[in-house]
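Encoded as structure tokens, the structure appears first; notes follow it.
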Amino acid sequence: EKGTYPHFMLKEIDEQPFVMRKIIREYQTENNELKLDQNIRQAMNSCDRIYIIAAGTSYHAGLVGKEFIEKLANVPVEVHIASEFSYNMPLLSEKPLFIFISQSGETADSRAVLVKIKEMGHPALTITNVPGSTLSREADYTLNLYAGPEIAVASTKAYTAQIAVLAILAVDTAKTKGLPLDFDPMQELAIVANAMEVLTDQKEAIEDLARKYLHTARNAFFIGRSVDYHVCLEAALKLKEISYIQAEGFAGGELKHGTIALIEEGTPVIALATQENVNYSIRGNVQEVVARGANDMVISMKGLERDTDAFVIPHVHELLTPLASVVPLQLLSYYAALHRDCDVDKPRNLAKSVTVE
Ligand code: F6R
């Protein structure tokens with residue numbers, strides 16, 4: 001039921017702080033220890049490499065998850081698009097662990113990989129919003145996203161839930177391995193939940209930005225470096241699928257190697273700046289596009305902001321910035337689609353779960 005909301009998508013965007021808090025509760029014991037199946041701990045500890053397999057938005061969450069697992073748990077991770085992996089399998093390590101990320105648990109492209117790697121005898125963990133779904137039943141282990149039903153075709157709260165659960169999984173693995181850690185995931189996720197609430201309360205400001213930058217736009221670019229780049233891929237997908245504006249997410253430093261040719265007078269370029277180590281360089285990339293006439297919108301994080309930034313998100317831990325920065329980007333897509341009279345919850349040509357290869 002969407003209650004007083006005009007669309008499921010808006011409701012689901014608003015639910016994200018509650019989903020974060022639900023995940024904190026579900027993955028914590030009474031003594032504030034992380035709560036995770038021992039078999040999953042064992043699998044995470046005994047593998048020599050992790051292969052994340054997913055499609056679309058879930059793939060984008062996987063890209064962020066790779067950062068957590070490599071940086072915190074010190075396990076190498078490859079992230080693969082399911083439909084490519086199926087027919088073009090890379091050389092596997094000796095003791096691979098496969099992690100399938102899927103909101104629905106029914107994506108046929110991901111299932112095709114699962115069937116193949118099970119035949120090869122490799123272990124699989126599915127991270128899904130639907131325990132009992134095909135991918136959950138056919139894998140050895142399941143982690144639940146606890147996001148509640150996601151009805152809008154465009155995925156929002158499942159993406160942030162996937163990232164939060166991947167952060168918990170990475171920290172848990174680091175702890176079991178006895179690795180040094182100065183990151184309390186539950187405390188940091190609680191800060192994220194509060195930041196999300198601040199962000200969902202700023203709908204009017206974001207609607208104004210959508211009107212100002214995207215109302216008549218034919219195309220749009222999202223640029224970022226490091227983890228901001230991964231969020232840019234997700235932001236571009238979201239904008240394309242519901243507003244039909246052609247959009248591309250780009251690594252800030254790669255722009256000048258060709259794509260900058262597409263920048264014209266008035267082309268909207270949305271830049272993310274949430275990472276201290278690349279703050280200077282991404283701003284240089286913004287200057288490059290502004291010099292070619294782009295209409296720049298910088299979305300930065302408190303502490304890294306500059307006077308001319310269009311929007312500033314509250315400060316959260318640098319590893320978890322995607323959970324906050326994606327919220328204004330989801331809202332931006334929502335309002336851009338709304339202003340164009342698009343069918344926000346049911347965009348053309350799309351289905352909620354893609355059960356064909
Ligand atoms: C985008 C979107 C799709 C799905 C993709 C994978 O908003 O919803 O890109 O993320 O089809 O679906 P799941 O996660 O159900 O495997």
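The values are calculated or read from the model by the stated rules, or taken from the named source; none is laboratory data. Predicted, not measured: the structure shown is a model, and the values here were computed from it. For neighbour counting, all protein chains shown are included, and Cβ atoms are generated from backbone atoms with ideal geometry for every residue, glycine included. The accessibility values were calculated without ligands, DNA or RNA, using every heavy atom of the protein model including side chains. Shrake-Rupley method; radii C 1.70, N 1.55, O 1.52, S 1.80 Å.
A few remarks follow.
- Excluding same-chain neighbours fewer than eight residues apart, the lysines reachable from LYS177 by a Cα-Cα span under 18 Å are LYS35, LYS66, LYS71, LYS95.
- Whole-Å distance, taken between Cα centres, linking the range 302-357 and the range 37-87: 23
- Taking the C-alpha atoms only, the angle from helix 276-290 to the longest principal axis of the chain is near 40 degrees.
- Maximal additional length on extending the GLU1-ARG340 stretch stands at 119.6 nm, based on 0.36 nm per residue less the C-alpha distance.
- The lysine pair count for the range 185-256, using Cα distances under 22 Å and pairs eight or more places apart or on different chains, is 5.
- Relative contact order (percent, whole number), the range 184-295, Cα cutoff 8 Å, 6+ residue spacing: 26
- Built amide H within the under 5 Å cut-off of ASN295, gap 5+: GLY266, THR267, VAL269
- Value of relative contact order over the chain, rounded to a whole percent, pairs C-alpha under 8 Å and six or more apart: 19
- Considering only alpha-carbon pairs that sit under 8 angstrom and 6 or more positions apart, the relative contact order computed for the range 125-245 is 14 percent.
- Within the listed set LEU320, LEU304, LEU199, the Gaussian network model of the chain (springs between alpha-carbon atoms below 10 Å) gives the highest mean-square fluctuation for LEU304.
- The label point for LEU179 and the one for ASN277, both projected 7 Å from the Cα toward the Cβ, are 1.4 nm apart.
- With Cα atoms, 0 to 90° folded angle of helix 185-200 axis to the chain main axis: 30
- Rolling a 1.4 Å probe over the heavy atoms of the protein chains gives the chain an accessible area of 42 Å² per residue.
- Counting 0.36 nm for each residue step from SER46 to ARG137 and taking away their Cα separation leaves a gain of 30.6 nm.
- Folded to 0 to 90 degrees: helix 227-243 orientation relative to the chain principal axis, Cα: 70
- Share of carbon and sulfur in the accessible heavy-atom surface of the range 159-264 [1.4 Å probe, %]: 48
- Between SER353 and ASN194, the simple label model (points 7 Å from Cα in the Cβ direction) yields a spacing of 3.7 nm.
- Placed amide H near THR126: partners under 5 Å, 5+ positions off or other chain: PHE100, TYR141, THR142, LEU143
- Percent of beta bridges antiparallel (DSSP, the chain, rounded to nearest 5): 5
- Normalised alpha carbon radius of gyration of the chain [divisor 2.2 N^0.38 Å]: 0.96
- Distances between placed amide hydrogens fall under 5 Å for ILE313 paired with SER300, MET301, LYS302, all partners being 5 or more residues away or on another chain.
- Geometric descriptor of the range 53-119, per residue, is 85 Å³ (volume of the convex hull of the Cα atoms).
- The range 49-179 shape via C-alpha gyration tensor axes, a/c threshold 1.5: oblate
- Modelled this way, with points 7 Å down the Cα-to-C-beta line, the labels at THR308 and ASN88 are 3.9 nm from one another.
- When the alpha carbon gyration tensor of the range 133-260 is reduced to an equivalent ellipsoid, the three semi-axes, largest first, read 31, 19, 18 Å.
- Under a model in which nothing but the beta-carbon of Lys, Arg (+1) and Asp, Glu (-1) is charged, the chain shows a dipole of about 380 debye around its Cα centre.
- With every protein chain in place, the range 17-133: carbon and sulfur % of accessible area (1.4 Å): 47
- Across the range 130-135, rounded Karplus estimates of 3J(HN,Hα) from the backbone phi angles (6.51 cos²θ - 1.76 cosθ + 1.60, θ = phi - 60°) give 10, x, x, 5, 4, 5 Hz, Gly and Pro being marked x.
- Taking the DSSP beta bridges with both ends in the range 160-312, the antiparallel portion is around 0 percent.
- Helical contribution to [θ] at 222 nm, DSSP H n ≥ 4, -39,500 (n - 2.57), averaged over the chain, rounded to 500: -15000 deg cm²/dmol
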